[in-house]
1. Using the Karplus curve 6.51 cos²θ - 1.76 cosθ + 1.60 with θ = phi - 60°, what ³J(HN,Hα) values do you get for each residue of segment B:51-60, in whole Hz, with x for Gly and Pro?
2. Rounded, prolate or oblate: which fits segment B:21-125, taking a ≥ b ≥ c as square roots of the Cα gyration tensor eigenvalues, rounded meaning a/c under 1.5, else prolate when a/b beats b/c?
3. Where a ≥ b ≥ c are the square roots of the eigenvalues of the C-alpha gyration tensor, would you call segment A:63-149 rounded, which needs a/c under 1.5, or, failing that, prolate if a/b is larger than b/c, or oblate?
4. Between the helical axis of A:120-146 and the dominant principal axis of chain A, each derived from Cα atoms, what acute angle in degrees is found, rounded to the nearest 10?
5. Can you run phi through the Karplus equation (6.51, -1.76, 1.60; θ = phi - 60°) for segment A:103-113 and list ³J(HN,Hα) in whole Hz, with x for Gly and Pro?
6. Mind telling me which of B:Ala54, B:Ala15, B:Ala27 comes out most flexible in a GNM of chain B, alpha-carbon contacts under 10 Å?
7. Against the longest alpha carbon principal axis of chain A, how many degrees, from 0 to 90 and to the nearest 10, is the axis of helix A:61-78 turned?
8. Quick one: A:His17, B:His71, fewest Cβ neighbours within 10 Å first, how do they rank?
Amino acid sequence: MLALIRPDSWNFPLFLHILGATVLFGTVATVAIAGFASRSHAGYEQLLARVAGRTFLFGVIPSFILMRAGAQWIVGKEFPGDAKTPGWVDVGFIVTEPGLIVLIAIGVIAFMSSRRGGGGRLATALAVLASIYLLALGVAMWAMTARPG
Amino acid sequence: MNTYQWLLVFHVTGAFLLLGGGAIAAALSLSALGRERPSEILLLFGLIRIAVVAISVGTALAFVFGLWLVHEAGYGYFDGWVVAAFVLLIVANAMGGAGGKRDQATVKLARDLAASGDAPSPELKARVHDPISLALSYGSGLVLIAVLALMVWKPGA
């Protein structure tokens, strides 16, 4: 029952964090869908590469910032100062910080794919990397909600 | 993990699929707004079906495990925020469903045009930019964000 009780001042950062995380989940999924679809829809590679690139630029980046800023804000309230953060918070940091490298790689590939007309190995790499990042987001979501330990 | 934690995991997974599916649909329909070739519009609207599956599964998970959570956590089924959240979830689904039905007609037109030369058509463009469809679809997304706010703040709980 303690998990149900939280100060009102935590609600707004939590709302921003969850909203950012859900939109990030959806926009990364869109990048993956566009990557996979360009492997099976010959003649539409350029269109799908553009969809992936624009979704990354206007969806993934803003939602990542919203999710991460909300996380930092609420962690600052829940574990102020030098308070040690529990493992489930650390899982979130692992997904968002080292995971940022994967996200940057997705962005670079999406940009290159869009410039080169889409399709080919770049589209496959885009779909695979975006799927891996989706799995990582799933693990983070589980850790944030189940709070093991 | 206790029962509450398991229920919360499934409920939040549903919320992620629901809102994430909405984000997928929004990204693809926004991309369709900028296209004119019927086959391209057909492809993008076709991919939205993946989002519809995510939204449907997400709605079911969020609803069923949400009801279970209300019982498990000791809230009342007739608490104001619970009733408001369920009403808004139904409204969001009704709006999304109505927008989706209008989009079906757009898909049919795009399919016919793609099969007969794939030339841009003012009628198809008007359908893709149909303000009622757009208002229903994006309005549905805004209502879902309001549901998320209710879930976080739980006013009156």
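1. Once rounded to whole Hz, the list reads 5, 5, 4, 4, 5, 5, 5, x, 4, 4.
2. Here segment B:21-125 falls in the prolate category.
3. Details: a/c = 3.73, a/b = 2.34, b/c = 1.59.
Since a/c reaches 1.5 and a/b is larger than b/c, the shape of segment A:63-149 is classed as prolate.
4. So the inclination is approximately 10 degrees.
5. Result, ordered by residue: 5, 5, 4, 4, x, 5, 5, 4, 5, 4, 4 Hz.
6. Its mean-square fluctuation being the largest, the pick is B:Ala27.
7. Its long axis makes an angle of about 10 degrees.
8. Values: A:His17 24, B:His71 11.
Ordered by Cβ neighbours within 10 Å, fewest first: B:His71, A:His17.
Every number here is computed from the coordinates shown, using simple stated rules; none is lab data. From a predicted model like this one, the values you see are computed outputs, not experimental measurements. Here the Cβ is made from the backbone with ideal geometry for all residues, glycine too, and neighbour counts use every protein chain on show.
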